[in-house]
Amino acid sequence: LLFSKHLEICVVGLQSAGKTSLVNLLSSGQFADEMVPTVGFNMRKVRSGNTTIKVWDIGGQPRFRNMWERYCRGVSAIVFVVETPPSSDPWAIATEELHALIERPHLAGVPLLVLATKNDIKGAVGVDQVIRTMRLDTISNREVSCYSISSKNQVNIDVTLRWLVARSPAGSR
Ligand SMILES: Nc1nc2c(ncn2[C@@H]2O[C@H](COP(=O)(O)OP(=O)(O)OP(=O)(O)O)[C@@H](O)[C@H]2O)c(=O)[nH]1
Ligand SMILES: [Mg+2]
């Protein structure tokens with residue numbers, strides 16, 4: 001394609017947050033209630049218009065979290081997925097892991113998109129509470145956005161994709 005653009009992004013977050021579900025939806029339009037935990041990582045390509053996004057989807061279990069930084073190096077954006085229903089109490093751990101990751105010197109300045117997913121589940125909290133709980137307002141050295149999404153009901157998937165496409169390096173081919 002003459003005017004095609006390419007970018008790479010990395011999707012991280014705790015186990016069963018909904019990372020692979022989102023990536024599958026973006027790459028193939030499919031959602032499944034039954035999912036197998038990601039062992040290591042997956043790579044998927046997502047196409048939107050003339051843009052191809054190479055997506056690294058990394059396992060969220062504790063034993064895979066030390067891989068996050070390596071796969072986040074050099075990407076155009078880091079996507080951190082967190083599930084928002086209040087019963088998901090790993091807020092504190094997710095917040096800790098997020099801040100530890102973005103404090104890595106090699107990841108300085110990389111744009112961050114926090115996706116609060118599973119907003120179709122009753123009692124899911126909104127973006128304002130996610131921003132406060134995860135202290136996203138204290139992150140100052142990079143671009144940060146946060147959307148409330150549902151892969152299951154395909155809510156805000158379009159804005160998510162637009163945000164990602166807009167991160168493609170200027171003039172990239
Ligand atoms: N209700 C609802 N369930 C979801 C949504 N997204 C994902 N799930 C469910 O959450 C579970 C875990 O989803 P995965 O996408 O495998 O989670 P993951 O973050 O890739 O997990 P790891 O690979 O272990 O790190 C599955 O049962 C999904 O069906 C959503 O938007 N709404
Ligand atoms: Mg997964």
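The values are calculated or read from the model by the stated rules, or taken from the named source; none is laboratory data. Computed from a predicted model, the values in this text were never measured in an experiment. Don't worry about glycine lacking a Cβ; one is built from the backbone with ideal geometry, like all the others, and counts go over all protein chains shown. Just the protein is used for accessible areas: all its heavy atoms, side chains included, with ligands, DNA and RNA removed. Shrake-Rupley method; radii C 1.70, N 1.55, O 1.52, S 1.80 Å.
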Mind putting a number on the dipole of the stretch 1-152 about its Cα centre? Charges go on the C-beta only, +1 for Lys and Arg and -1 for Asp and Glu, and I need it in Debye to the nearest 20. 460 debye
Residue separation between Asp120 and Asn141 times 0.36 nm, minus their alpha-carbon distance, gives in nm 4.4 nm
So, counting K/R as plus one and D/E as minus one, what does the shell of residues with Cβ under 9 Å around Leu7 add up to? +2
Could you go through the stretch 6-14 in sequence order and give the Karplus-derived ³J(HN,Hα) for each residue, using 6.51 cos²θ - 1.76 cosθ + 1.60 with θ = phi - 60°, rounded to whole Hz, and x for Gly and Pro? 10, 8, 10, 10, 10, 10, 10, x, 5
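Past 22 Å, Cα to Cα, is the threshold; run Lys19/Lys118; Lys5/Lys152; Lys45/Lys122; Lys19/Lys54 against it and keep the listed order. Numbers along the way, then the final one.
On the way: Lys19/Lys118 11 Å; Lys5/Lys152 28 Å; Lys45/Lys122 32 Å; Lys19/Lys54 14 Å.
Those over the limit are Lys5/Lys152; Lys45/Lys122.
How much length is gained on full extension from Gln61 to Val155, taking 0.36 nm per residue of separation minus their Cα-Cα distance? Present the calculation step by step, with values, prior to reporting the outcome.
Details: separation 94, 0.36 × 94 = 33.84 nm, distance 2.58 nm.
That works out to 31.3 nm of additional length.
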So how far, in whole Å, is the C-alpha centre of the stretch 1-38 from the one of the stretch 117-173? 14 Å
Please label the shape of the stretch 1-70 as rounded, prolate or oblate, based on the square roots a ≥ b ≥ c of the eigenvalues of the alpha-carbon gyration tensor (a/c under 1.5 means rounded; beyond that, a/b larger than b/c means prolate, else oblate). oblate
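Write down the percent of antiparallel bridges among all DSSP beta bridges whose residues are both part of the chain, to the nearest 5.
Working: 9 of 31 bridges.
Here the share of antiparallel DSSP bridges comes out near 30 percent.
Find me the longest stretch of the chain that has none of the exposed GluC sites (Glu not before Pro), where exposed means in a DSSP loop (not H, G, I, E or B) with at most 14 other Cβ atoms within 10 Å. Don't skip to the answer; put the middle values down first.
Working: sites that count: Glu34, Glu103, Glu143.
Here the longest segment lacking exposed loop sites spans 35-102.
Decide, for the stretch 17-116, between rounded, prolate and oblate: order the square roots of the alpha carbon gyration tensor eigenvalues as a ≥ b ≥ c, take rounded if a/c falls under 1.5, and otherwise choose prolate if a/b is larger than b/c, else oblate. It would help to have the intermediate numbers written out before the result.
Details: a/c = 1.62, a/b = 1.09, b/c = 1.49.
It is oblate, given that a/c is not under 1.5 and a/b is not larger than b/c.
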Which residue, Val144, Val165, Val127, has the largest displacement toward the positive end of the dipole of the stretch 120-173 when charges sit on each Cβ (Lys, Arg +1; Asp, Glu -1)? Val165
Theoretical gain in end-to-end length, Glu96 to Met43 [0.36 nm per residue, Cα-Cα removed]: 16.5 nm
With a ≥ b ≥ c the root eigenvalues of the C-alpha gyration tensor of the chain, is it rounded (a/c under 1.5), prolate (a/b larger than b/c) or oblate? rounded
Can you give the accessible area of Ser140, probe radius 1.4 Å, in Å² rounded to 10? 110 Å²
